[in-house]
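Notes follow the structure.
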Amino acid sequence: MRSGVAGAGLMVAATLLALVWANSPWGSSYERLWHTELALRFGTAEIAMDLQHWVNDGLMVFFFFLIGMEVRRELSMGELVQRSRLTVPALAAVAGLVIPALLYLAINAGGDGAVGWGIPMATDTAFVLGALALFGRHCPIQLRVFLLSLSVVDDIGALTAIAIFYSDEIDPVALGIAGLCVLAFIGLSRMQVWRGPAYFAVGAVMWVAMYESGVHATIGGVVLGLLVSAYPPRRAEVERAGSLARAFRQSPEPALAREAKLSVERAISPNERIGAVLVPWSSYVVVPVFALANAGVRIDGALVERALTSPVTIGVFVGLAVGKLLGVGLAATLAVRTGLGVLPPGISLGSVWSGAALTGLGFTVSLFVTDLAFDDEALREEATIGILGAAVVSTALGALFFRLLGRGGSAPERPAQLDPPVDPAVDHIRGPVDAPLTLVEYGDMECPFCGRATGVVSELRSRFGDDLRYVFRHLPLLEVHPRAQLAAEAAGAQGRFWEMHDRLFAHQDELDAAGLLEHAAALDLDLERFARELGNGTHGQRIRNDVVGAEASGVEGTPTFFVNGLRHAGRAGTDELAAALLRTDPRGTPAERAVAPLVAEAGRRPVPLSPPARLPAVEGLAETPDLSGASPRLDDRQLAVLRRAGRRRSTTAGEVLVRGGAGEWDFVVVLTGTVAVVENPEPGDGGEQRVVSVVGPGRFLGGLNMLAGQRAVRSVVAAAPGVVVTLTVQRLREVMAADRELADVIMRAFLLRRAMLIGRASGLRVVGDPRWPASARLQALLDEHGIAHQWLDPADDEAARAVLAENDALDEERPVVVAPDGRVLVDPGPDDLLGAARPARS
């Protein structure tokens, strides 16, 4: 089972507590507590056991039930869906089951302890993963997947041995009743009964039947766990859940709330829902209580002396510490050498041997089989000593193996070059594919540190504009299924990778299956295709290829950045990465580029730029009054909205905030100080740059060409030191969509600025294609009332297209009217047109 490090730590603590308690002056109370009888009576029927056996035979059912569910989930939609990946770990697991048992039998053949051959067979996955997290921090992440795959086969083998060889005389009637319970369990699932008490009742009857049948009751838990279905979210249920959630949002009634909650639950497979509830209880309660009840061996001189020569102790110790290591390691080596299978990318045989050393941690199931195998308390104690000793030695061997592999003399130096290089045909690229600067991030969409790095990347893209291309590659932690990465790739298959990328990082608390489908629905993806590809792992190979590239490039954690092909070391903040980008710029340093002449590419019009050395002096200039209304002063409420949405920055006199010709530029709001707007001369006219206006506190700068994605026409330079707020185009759009009053002020100013630039500041301006049917009707209305107007055709004017797009009129082929004061009229009537044109009628 995939228990976390915390659960393993709690199990170790419970083990130590049991040992200290049993060997303390109060050790007799330990024995009295766990041998206290507890009986359940119903009429003349009775089940009576001591507390230790209630834990082993009753409470541990939940543990084995989760093992069964884990096997079902892995085979249905997990790491083992691709059976070809199972060959090497399966062979290693089988050898890790057989060789320890044979070694034990060789030592105990013919003795009283021979029946305990199943004790050294099993591996405690929780302990192994905990030890791996401590000692194998620098091991390939695929090793975790390998060990988890091995543990599935290991669990199946150990449980099969328990069911066949460690059961009492079989009662066929009771076993038949247990079989009927299995059929009832299947029937409830087929009838889509979603009530937990119904399943619990069936499970309770089956437990009693298994207890009376002679087959160990925990095997019933495994069987029921295997029957709990696991599947990707179903489109119909997800859509129903979404519609009910929307209905509840519109009418928050208790009945709708309950129905919406149940619908959301039904959209997720029972396997995942039950696992989410029971895994914490198993990790933090069931297994620690089991350790507390079974690990309390009183270790005195007599027991130690007996254990040193006991075939049981020696057999268990050798089987776990030596047999597991040799079985797993040799089988994996032979499978690879003979071509029976291949190791996952990035894993070496050395890594496998290191993991094999840890498989000798057989704690939980080994103690469980000890209780089943021996009635003699002395043999149980001797076996427990062997289990504890093997756990200590296996942990030490694993730590030593990982340490030796990590030494510089035995491990190659970590690569620093990106391998493979960026390929526009394969990689996800944000920004121009031919940009001179490249930033590559290896990240995990479920990693909170990667989530924080998105802000750094956004600032870098804003700072460098079209000079930077950003590439994201996957490096998920595979202890859990990389569902978020698969969701991003499934969205990418429908052309929406970056939109899903942004949503996943913005909602890292909503990355379960239901949340991913909500994100897909919000992006208008084909949900059926998305869910199918997500569940089938269709794009898993793409993610594995990225993981292989991470290994080849020396990546050890997330986020890791490569700057112009070289791995970045040290703090990965905005300033540090920006400095690295400039330092490794293939075009040279900024100083070298500032004095280089601008050479236009063949067939392309030169882009007007404004080098810092040629900007006119702006210090000391007075603020220009706003006579036209094109640069209004915002009120306190509007400024507060923009302050919350944007990024504050201090300015110094002469600092360039926006450079003429820049491909991406920010909307600027002046809080204190002043900012000058500098007009660049047209290419080839030999003119000088000039200051056209100076903007003071409360005013803003930007234009329609910003919203249209065009280059900046003018430069913006700080005239007097102060503070400004900058917003990216995307953030500005979000603010305008949320605040219509502020949007109207900004759009009116943008339109007036555009009108002033093109010399059309008088009369009505009609923005639209004259050939549209709606344009013909509007033209007739204007002619009927004799209203002077001018047309701006979106086919000829980028700004006109931007105006229509902002008012959702372009796709609908619907013209809009811009009044002289900047107001935008959509579907105006005669009175609206006359009112807007009154100051300028002819």
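The values are calculated or read from the model by the stated rules, or taken from the named source; none is laboratory data. Quick caveat: nothing in here was measured; it's all calculated off a predicted structure. Ideal geometry is used to build each Cβ from the backbone, glycine not excepted, and the neighbour counts take in all protein chains shown.
Considering only the range 397-404, I want to know if a residue exists there that is within 31 Å of the chain's Cα centre (by Cα), within 20 Å of Asp155 (Cβ to Cβ) and either among the charged types (D, E, K, R) or in a loop (DSSP other than H, G, I, E, B) (or both). Within the range 397-404 (the criterion being within 31 Å of the chain's Cα centre (by Cα), within 20 Å of Asp155 (Cβ to Cβ) and either among the charged types (D, E, K, R) or in a loop (DSSP other than H, G, I, E, B) (or both)), the answer is no, since none of the residues qualifies. Applying the criterion of at least 3 residues that are out of contact with any helix residue (DSSP H, G or I) (no Cβ under 8 Å at 6 or more places or on another chain) and at pLDDT 75 or above to the strands (runs of 3 or more DSSP E) found wholly in the range 697-797 leaves 714-727. Taken over the range 95-124, residues that are of a type in the set (Val, Ile, Thr) and surrounded by fewer than 24 Cβ atoms within 10 Å (Cβ to Cβ) amount to 4. When every residue of the range 535-548 is checked against the conditions, none turns out to be within 28 Å of Arg463 (Cα to Cα), aliphatic (A, V, I, L, M) and assigned by TED's automatic domain parsing to the domain that holds Gly443. Being out of contact with any Lys or Arg (no Cβ under 8 Å at 6 or more places or on another chain) and either at pLDDT below 65 or closer than 20 Å to Leu460 by Cβ (or both) is true for just one of Val656, Val607, Val555, Val641. Which residue is that? Of Val656, Val607, Val555, Val641, the one residue that is out of contact with any Lys or Arg (no Cβ under 8 Å at 6 or more places or on another chain) and either at pLDDT below 65 or closer than 20 Å to Leu460 by Cβ (or both) is Val656.
Taking first residues from the range 169-181 that are within 17 Å of Ala204 (Cβ to Cβ) and partners that are of a type in the set (D, E, K, R) and at pLDDT below 80, the Cβ contacts under 6 Å between residues at least 6 apart in sequence or on separate chains come to Ala174/Glu212. Select from the range 125-175 the residues that are outside any helix (DSSP H, G or I) and modelled with pLDDT of 75 or more and write down the one among them that is surrounded by the most Cβ atoms within 10 Å (Cβ to Cβ). Out of the qualifying residues, it is Tyr166. Counting the residues of the range 19-45 that are part of a loop (DSSP other than H, G, I, E, B) and farther than 22 Å from Leu59 by Cβ gives 6. Scanning the range 473-481 turns up no residue that is assigned by TED's automatic domain parsing to the domain that holds Gly565 and assigned to a helix (DSSP H, G or I). Asp375: outside any helix (DSSP H, G or I), assigned by TED's automatic domain parsing to the domain that holds Val128, within 21 Å of Gly111 (Cα to Cα) and among the charged types (D, E, K, R), yes or no? Yes. Do we have Glu441 as touching a helix residue (DSSP H, G or I) at 6+ places or on another chain (Cβ under 6 Å) and charged (D, E, K, R) here? Against the criterion (touching a helix residue (DSSP H, G or I) at 6+ places or on another chain (Cβ under 6 Å) and charged (D, E, K, R)), Glu441 does not qualify. All conditions but one from (1) assigned to a loop (DSSP other than H, G, I, E, B); (2) in contact with a Lys or Arg (Cβ under 7 Å, 6 or more places away or on another chain); (3) at pLDDT below 60 apply to Ser631; the one that does not is (3). In the set (1) under 30 Å from Leu91 (Cβ atoms); (2) in contact with a Ser or Thr (Cβ under 6 Å, 6 or more places away or on another chain), the condition left unmet by Leu175 is number (1).
Within the range 46-68, restricting attention to residues that are part of a helix (DSSP H, G or I) and among the β-branched types (Val, Ile, Thr), the residue that is nearest to Ala230 (Cα to Cα) is Ile67.
Residues that are among the aliphatic types (A, V, I, L, M) and either in contact with a Pro (Cβ under 9 Å, 6 or more places away or on another chain) or under 15 Å from Leu701 (Cα atoms) (or both) within the range 643-661 comprise Ala653, Val656, Leu657, Val658, listed in sequence order. Of all the listed residues (Ser76, Ser84), the sole one being surrounded by fewer than 18 Cβ atoms within 10 Å (Cβ to Cβ), at pLDDT below 80 and in contact with a Phe, Trp or Tyr (Cβ under 8 Å, 6 or more places away or on another chain) is Ser76. Residues in the range 480-512 that are surrounded by fewer than 22 Cβ atoms within 10 Å (Cβ to Cβ) and among the small types (Gly, Ala, Ser): Gly492, Ala493, Gly495, Ala506.
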